[in-house]
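The values are calculated or read from the model by the stated rules, or taken from the named source; none is laboratory data. These numbers come from a predicted model, not from an experiment. Glycine also receives a Cβ, built like all others from the backbone with ideal geometry; neighbour counts cover every protein chain displayed. Only protein heavy atoms, including side chains, enter the accessible area calculation; ligands, DNA and RNA are left aside. Shrake-Rupley method; radii C 1.70, N 1.55, O 1.52, S 1.80 Å.
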Amino acid sequence: MMAGIRTAEAADEAAFRALWQGYLAFYRVTVAPEVTDTTWARILDPDSPLTARLVLTEGRVRGFAIHHTHLSTWGTRPDVYLEDLYLEPSARGLGLGRALIEDLIALGKAKGWGRLYWHTDEGNATARRLYDGFTRSDGHVRYRLAL
C-alpha cells in the first residue's frame, strides 16, 4: 500500500477533527471544544512547537502523529515528544503507525533532534507491540498533576 506522510495543512481540518474525535473516543475522554480549537490552531501556527504529521492512503487522511520539540537537561539537542499517535480503525494493521514513527525518526535525524520519546497506556497491547519493535520501555512511571 502506498502511503504518503506530510505536515498538516489548513485544508486538513475536517479530516483532523474526525480523527481527533476517534482518538478521544478510543481513550474514553472528552476535551472542551476550545481545547480542540486551540490544538488545531497550534498545529497550523509556524511559531508553535506543536506539529502534526498526517498519513494518507488513496488520497485520504488516515491518521496522525502530533509531536513537539522541547529543550532538555539531558542533552544539547532538542527532544521530541510524540504526544498523540492515532489511526482510524480501518487503517490499523497496514503499517501506517510504523510509517509515522519512521517518518519522525527520519525528520529528527535531518533536523538534529536528540531523542524521540512517547508513552502509551499500559494496557494498550496493540500499540505496545508496535512500540516495542522500536525500543524497549524505559521503565519510567508518569505522574500527572492538574494545575
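Overview of values
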| quantity | calculated |
| --- | --- |
| Furthest towards positive pole of dipole, Thr57, Pro89, Leu107, structure part region 47-124, Cβ charges | Leu107 |
| Charge context of Arg115, other residues only, Cβ under 9 angstrom, K/R +1, D/E -1 | 0 |
| Largest to smallest accessible area among Val35, Val80 [probe 1.4 Å] | Val35, Val80 |
| Principal axis dimensions, the chain - Cα atoms, whole angstrom, descending | 39, 34, 33 |
| Normalised contact order of region 3-71, rounded percent, pairs of Cα under 8 Å and 6 or more residues apart | 40 percent |
| Surface share of carbon and sulfur [accessible, 1.4 angstrom probe, percent] for region 4-44 | 58 percent |
| Trp20 accessible area, assembled protein chains, probe 1.4 Å, Å² | 20 Å² |
| Max mean-square fluctuation residue, GNM over the chain, Cα-Cα springs under 10 Å, options Ala32, Ala106, Ala15 | Ala32 |
| Loop sites in region 6-64: trypsin sites (Lys or Arg not before Pro), DSSP, at most 10 other Cβ within 10 Å | Arg28 |
| Largest-first ellipsoid semi-axes for region 1-74, taking √(5λ) over the Cα gyration tensor eigenvalues, angstrom | 20, 18, 13 |
| Rel. contact order, % - alpha carbon contacts under 8 angstrom, at least six apart, the chain | 19 percent |
| Estimated dipole of region 48-124 in Debye, rounded to 20 [Cβ of Lys and Arg +1, of Asp and Glu -1, Cα centre] | 320 debye |
